[in-house]
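A short worksheet on the structure shown next.
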Amino acid sequence: MNNVLMGVAKAGIKESGKEDLLVIKLPFSCEAHFVFTTNHFAAAPVIYSKNMLEISNGRVSALVINSGNANCGTGIEGYEHAKMMGEKVASLFDIPKEEVLVFSTGIIGKPLPIINVLEGIEYAINHLEVLDLEMAAKTISTTDRFPKYAFCKKDNYEAFCFGKGAGMIHPDMATMLSFCFTNSKLMPRKDFDKILENTFNSIDVDGCQSTNDSFGVISYGDFEYSNDVYNCVYKVCKEVSDMIVKDGEGATKLINIEVKHASIKTKAKVIANAIATSNLVKTAMFGADPNWGRILAAAGSTAFPIDPLKLSLTIMGVKVYDKGPLHFNKKHLSEKMRESQEIDIVLDLKEGKESFSYRFSDLGYEYIRINAEYTT
């Protein structure tokens with residue numbers, strides 16, 4: 001981690017006056033895998049960074065990230081501002097401009113105060129230090145209640161990740177910014193995609209997809225890639241993605257839904273997604289209400305058929321449905337749900353061998369307050 005440098009600055013984007021600009025300097029031109037939001041109203045920095053990665057063949061030398069302003073819905077000017085940010089970093093570091101990626105997060109529709117941002121970039125680069133994961137995470141935060149970062153070391157291998165996200169969390173892709181680094185050679189794309197699917201692409205807070213989502217794994221070392229590297233990268237990505245769910249705006253619970261014994265994996269994933277994004281399920285979890293009818297109704301809402309006379313449903317280890325409703329102590333289960341910060345739900349379709357898990361947050365009063373007052 002000592003090979004990765006950072007600089008932060010107060011560019012006057014956040015009304016709080018806190019640090020809102022981050023520059024990351026890599027030790028050399030590095031290989032990387034990145035994925036971005038599939039939202040068709042993508043922000044200017046997303047479009048710009050995708051273009052740069054195509055030109056550089058996936059090589060990256062530096063990142064510049066601002067918070068407090070998404071630079072989205074800002075027209076041609078927005079793209080020019082992203083370009084100016086990237087080229088400013090490239091010029092000061094004397095590196096190819098196509099190897100500088102630009103990221104933004106915050107309010108949609110407001111032009112960046114670009115003069116302040118460019119001055120902030122210069123200040124950040126003149127005050128470089130060893131990457132501080134906590135400070136980096138704080139700098140790119142918006143409505144986050146706490147910084148999100150993780151570190152893993154296995155023998156000579158290391159992986160670390162920092163990110164942000166609390167609202168507008170729903171795949172595809174992850175609805176957040178997260179950046180992972182490893183000192184090994186770059187993992188195969190299939191392994192990157194597998195980690196993505198089981199971490200940042202299997203979480204939900206509010207079912208709302210963002211315009212600025214970005215996630216990448218950057219390789220800055222020469223150690224041979226191995227299963228240990230994969231496990232380290234997975235570990236830090238899982239930890240950060242879980243933090244995003246736990247920090248869901250107004251969230252009080254992290255809920256894990258596992259759909260198992262499906263005929264095909266796609267079916268398990270789609271049904272898990274339907275349950276995780278159901279506002280009726282989310283509000284029941286907020287109220288510690290073991291309302292299994294909401295869960296099964298969500299499971300039955302997809303294009304994939306389910307058999308009510310075969311499946312079973314378990315909440316916090318208590319079987320509440322098995323080919324039909326079961327008698328259980330609703331008050332005791334409700335108390336168990338209320339006292340726990342994490343709730344496990346298992347839906348067994350009893351038809352095959354495939355499974356998929358989603359993590360999601362509950363939905364309560366605070367989410368409405370935060371988002372009702374977001375731009376006012």
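Of note:
- Among the listed pairs LYS83/LYS138; LYS153/LYS336; LYS194/LYS260; LYS18/LYS88, a Cα-Cα separation exceeding 28 Å is found for LYS153/LYS336.
- Under 5 Å from the amide H of ASN71 lie the amide H atoms of GLY109, LYS110, each residue being 5 or more positions distant or on a separate chain, with H modelled from the backbone and absent for Pro and chain starts.
- Distance in nm between pseudo-label sites at GLU87 and LYS153 (7 Å out along the Cβ direction from Cα): 4.2 nm
- Shape descriptor for segment 34-158: Rg over Rh equals 0.97 (Cα atoms; Rh from the Kirkwood inverse mean 1/r).
- Nearest-ten-degree value, helix 189-198 long axis tilted from longest Cα axis of the chain: 50 degrees
- Leading residue at positive end of dipole, segment 299-347 (Cβ point charges), from SER312, PHE328, ILE343: PHE328
- Projected onto its three principal axes, the C-alpha set of segment 228-276 covers 36, 31, 12 Å, listed from the longest axis down.
- Extension gain from PHE146 to LYS350, taking 0.36 nm per residue of separation minus the Cα-Cα distance: 69.4 nm
- Rough spin-label spacing in nm, given labels placed 7 Å along Cα→Cβ, for ILE55 and SER263: 4.9 nm
- Per residue, the convex hull spanned by the Cα atoms of the chain measures out at 133 cubic angstrom.
- Percent of Cα pairs exceeding the 18 Å cut-off, where the set is segment 57-129: 36 percent
- Rough spin-label spacing in nm, given labels placed 7 Å along Cα→Cβ, for ASP222 and GLU335: 6.3 nm
- Full-extension gain in nm, LEU280 to GLU239, via 0.36 nm per residue minus C-alpha separation: 12.1 nm
- Over segment 196-289 - Rg/Rh using Cα atoms and the Kirkwood inverse-distance radius: 1.03
- Of CYS180, ASN71, ILE95, farthest towards positive along the dipole that unit charges on Lys, Arg, Asp, Glu beta carbons give the chain: CYS180
- Taking the Cα centre of the chain as reference, the dipole from Cβ charges on Lys and Arg (+1) and Asp and Glu (-1) amounts to some 1100 debye.
- Computed from backbone phi with θ = phi - 60° and the Karplus coefficients 6.51, -1.76 and 1.60, the 3J(HN,Hα) list for segment 261-272 is 6, 8, 5, 9, 5, 4, 5, 4, 5, 5, 5, 4 Hz; x is used for glycine and proline.
- Relative packing of peptides 290-298, 243-251 - highest average C-beta neighbours within 10 Å first: 243-251, 290-298
- With every protein chain in place, segment 211-321: carbon and sulfur % of accessible area (1.4 Å): 55 percent
- The tail of the calculated P(r) for segment 88-204 beyond 23 Å holds 43 percent of all Cα-Cα pairs.
- Rounded to the nearest whole Hz, the Karplus-based 3J(HN,Hα) values (6.51 cos²θ - 1.76 cosθ + 1.60, θ = phi - 60°) of segment 325-331 follow the sequence x, 10, 7, 8, 7, 4, 5, with x at glycine and proline.
- In the chain, helices alone account for a calculated mean residue ellipticity at 222 nm of -10500 deg cm²/dmol, with every DSSP H run of four or more residues adding -39,500 (n - 2.57).
- For the chain, the per residue solvent-accessible surface stands at 42 Å², with DNA, RNA and ligands left out and a 1.4 Å probe.
- Stokes-Einstein D (µm²/s) once Rh is taken as the Kirkwood radius of segment 1-106 over alpha-carbon pairs, at 37 °C in 0.692 mPa s: 234 µm²/s
The values are calculated or read from the model by the stated rules, or taken from the named source; none is laboratory data. Keep in mind that this is a model prediction, so the values were computed, not measured. Methodologically, a virtual Cβ is constructed for each residue, glycine included, from the backbone with ideal geometry; neighbour enumeration extends over all protein chains shown. Remember, those area values only see protein heavy atoms, side chains included, never the ligands or the DNA or RNA. Shrake-Rupley method; radii C 1.70, N 1.55, O 1.52, S 1.80 Å.
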